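Have a look at the structure below before the remarks.
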Amino acid sequence: MWFRLRRARGLLAASLYEEVTEAERAFLSRELGRNAALRGELCALEELVRAIPGDAPELGVDLAPAVRRRLVEGARLRRARAFRYAVAGAVAAVALVAASYVWLGQRHSGFPSGVLVAHHGSEEDPLVQALASAARLREQGNFTGAFHALKMAVEQHRGDARAGEAQLALASLAYEELHWYAEADAAYETYIREFTSAFEASPYRAEAWERHELLAEGRAFSYASLQELDAARQDRSGSLAPFEALIARYPKTLAASRATLDMARRVAQPGEDIGSGARLASALKEARDRCVNPIAVAQLNVELGHVYRTRLLDAANARALYREAAQCPEVASLAKASLEGLGPE
Amino acid sequence: MRSQSDEDIALRFQRGDERAFDELVRRFQGKVFATAYRIAGNREDALDVSQEVFLKVHRKIDTWEARGGGLLPWLVRLTANQAIDLLRRRKRFRHVPLEEAIAAEGGGAAFSRTEQQVRAGEIDVRVRRALARLSESQRNVFMLRHYEGLPLADIAEALGCTTGSVKVHLFRALRRLQKELKDLRES
């Protein structure tokens with residue numbers, strides 16, 4: 001009896017939206033004929049469904065840009081958290097500047113080739129053979145071949161103790177040589193998530209994590225920010241304009257931070273070492289003074305503030321620079337967060 | 001013109017195509033906003049909820065399965081939960097008198113509104129309040145059927161239950177709404 005009533009009520013609701021079969025309609029009719037309470041419920045619910053408006057309010061705006069902005073902002077916050085984890089005890093800004101500097105100065109002597117060369121001698125392990133083969137291809141400039149050789153090796157020998165190293169080499173090739181950012185993003189993600197032990201033990205952990213974050217941020221722009229950074233670097237005119245344009249388009253991002261360091265290198269004398277805090281600050285200042293875009297100026301002031309705070313231990317100058325940057329709406333939140341990081345005056 | 005199905009776009013995004021995400025936002029923002037508005041009851045909160053939903057979609061797209069029903073039911077479910085969470089946080093729906101709620105929505109201009117408009121506004125507020133009080137299953141079924149017009153069989157697939165259960169949820173949702181609106185109908 002209870003099941004019968006339950007079924008009849010379900011069908012009654014469905015009938016209000018004309019979703020009953022002929023057999024169900026016949027069953028419902030029989031039940032309605034013998035149950036006055038059910039008939040009353042039908043009348044009441046019919047009236048209800050008519051009374052509840054089904055029209056939708058108009059949105060009238062496009063949410064996509066606002067959602068994008070919030071994604072980027074979220075990536076920035078995650079990045080700040082990640083650095084606290086990756087470089088214990090170090091300030092995030094120091095890590096960023098330092099890692100970027102290493103990247104700028106030692107681009108072609110970094111870990112991918114190191115990983116590959118390290119396995120030249122051994123011939124028994126199939127993964128080591130694959131690594132050696134990839135290293136040969138890399139030396140010949142056949143980066144695509146090396147990438148595919150490594151990819152296949154990792155897929156076939158995922159359980160091998162050295163698979164993590166191969167995965168890191170794969171990610172680095174995609175990032176550094178091929179500039180295949182979607183592939184690099186996926187490869188670093190795999191390295192960190194699936195080869196966690198290798199990642200945590202790696203001397204290149206901080207750099208791998210930083211690239212992972214940069215790629216994750218770039219993902220929100222379909223990697224256009226990274227491609228534009230590449231294009232700006234390839235510009236041989238000596239102009240800072242491509243970097244300024246990039247910063248204006250992607251303010252407060254890691255890509256923008258990288259661009260400021262590229263600008264510093266570009267304004268430095270050929271061969272000049274900008275590794276010291278004072279020289280780096282001087283180069284950043286010169287780059288800033290050559291900028292015409294207010295967003296780029298503000299971003300450079302933030303980076304300069306980081307150098308004053310963490311390298312030159314000059315909180316007063318850092319504060320002044322952050323305050324100046326905070327006047328620019330596009331960079332204000334980053335500048336204010338940096339000011340908060342300084343603590344009370 | 002829609003060259004790709006909703007599910008194709010979601011699958012593209014699952015594979016990492018960020019442009020598909022923008023497409024997804026633009027395709028569903030109207031429906032997500034409408035669902036949020038129906039529960040939150042004002043434009044500002046609905047906009048906030050809608051953005052939160054899409055941020056969540058960005059984070060959780062991997063948990064959506066193409067075979068588990070369409071994308072819309074998933075989005076409606078996320079949106080309704082997000083809007084309810086907002087209401088719970090603010091505890092709005094518990095103690096706000098009807099008159100105040102209507103005034104907050106522009107009902108303060110009731111003097112210049114027709115009796116029919118005032119009544120529609122009252123129904124709107126009561127429905128919103130009732131929606132917030134329904135169980136999650138009842139609310140999802142009702143919103144997907146009444147507002148989005150999805151067939152009950154599709155709703156069942158999306159929610160992972162039988163069509164019979166969906167019908168029972170729908171009946172209970174309607175009866176709850178009926179109780180909420182009973183005094184209005186009697187007056």
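The values are calculated or read from the model by the stated rules, or taken from the named source; none is laboratory data. What you are looking at is a predicted structure, and each value in this text was computed from that prediction instead of being measured. Note: ideal-geometry Cβ built from the backbone for every residue, glycine included; neighbour counts use all protein chains shown.
Residues in segment A:160-184 that are in a helix (DSSP H, G or I) and among the charged types (D, E, K, R): A:Glu165, A:Glu176, A:Glu177, A:Glu183.
The sole residue among A:Ala206, A:Ala264 that is surrounded by fewer than 24 Cβ atoms within 10 Å (Cβ to Cβ) and either of a type in the set (A, V, I, L, M, F, W, C) or not assigned by TED's automatic domain parsing to the domain that holds A:Ser333 (or both) is A:Ala206.
Listed here are the residues, each with its yes/no results for (1) within 9 Å of chain A (Cβ to nearest Cβ); (2) in contact with a strand residue (DSSP E or B) (Cβ under 8 Å, 6 or more places away or on another chain); (3) acidic (Asp, Glu); (4) surrounded by fewer than 16 Cβ atoms within 10 Å (Cβ to Cβ).
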| position | (1), (2), (3), (4) |
| --- | --- |
| B:Leu11 | no, no, no, no |
| B:Glu18 | yes, no, yes, no |
| B:Val25 | yes, no, no, no |
| B:Lys31 | yes, no, no, no |
| B:Arg38 | yes, no, no, no |
| B:Asp45 | no, no, yes, no |
| B:Gln51 | yes, no, no, no |
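Residue count for segment B:1-43 satisfying the condition of being assigned to a loop (DSSP other than H, G, I, E, B) and over 23 Å from the mean Cα position of the chain (by Cα): 7.
Listed conditions (1) more than 13 Å from A:Ile52 (Cβ to Cβ); (2) at pLDDT 80 or above are all met by B:Asp183, apart from (2). Can you find even one residue in segment A:47-54 that is touching a Ser or Thr at 6+ places or on another chain (Cβ under 8 Å) and surrounded by 14 or more Cβ atoms within 10 Å (Cβ to Cβ)? Within segment A:47-54, none of the residues are touching a Ser or Thr at 6+ places or on another chain (Cβ under 8 Å) and surrounded by 14 or more Cβ atoms within 10 Å (Cβ to Cβ).
Here A:Val20 fulfils each of the conditions (1) within 11 Å of chain B (Cβ to nearest Cβ); (2) surrounded by 13 or more Cβ atoms within 10 Å (Cβ to Cβ); (3) assigned to a helix (DSSP H, G or I) apart from (3).
The set of residues from segment B:166-184 being touching a helix residue (DSSP H, G or I) at 6+ places or on another chain (Cβ under 7 Å) and surrounded by fewer than 17 Cβ atoms within 10 Å (Cβ to Cβ) comprises just one member, B:Leu184. A Cβ distance below 7 Å, combined with a sequence gap of six or more or placement on separate chains, defines the contacts here; from segment A:176-193, residues that are in contact (Cβ under 8 Å) with a residue 60 or more places away in the chain reach residues that are surrounded by fewer than 17 Cβ atoms within 10 Å (Cβ to Cβ) in the pairs A:Glu176/A:Arg107.
Where helices (runs of 4 or more DSSP H) fall wholly inside segment A:225-331, the ranges with 2 or more residues that are without any contact (Cβ under 8 Å) to a residue 60 or more places away in the chain and within 23 Å of the chain's Cα centre (by Cα) are A:241-249, A:254-267, A:294-310.
Residue-by-condition table, conditions (1) acidic (Asp, Glu); (2) more than 21 Å from B:Leu181 (Cβ to Cβ); (3) facing another protein chain (nearest Cβ under 7 Å):
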site: A:Arg9; (1), (2), (3): no, no, yes
site: A:Leu12; (1), (2), (3): no, no, yes
site: A:Ser15; (1), (2), (3): no, no, no
site: A:Leu28; (1), (2), (3): no, yes, no
site: A:Arg50; (1), (2), (3): no, no, no
site: A:Gly54; (1), (2), (3): no, no, yes
site: A:Asp62; (1), (2), (3): yes, yes, yes
site: A:Pro65; (1), (2), (3): no, yes, no
site: A:Arg69; (1), (2), (3): no, yes, no
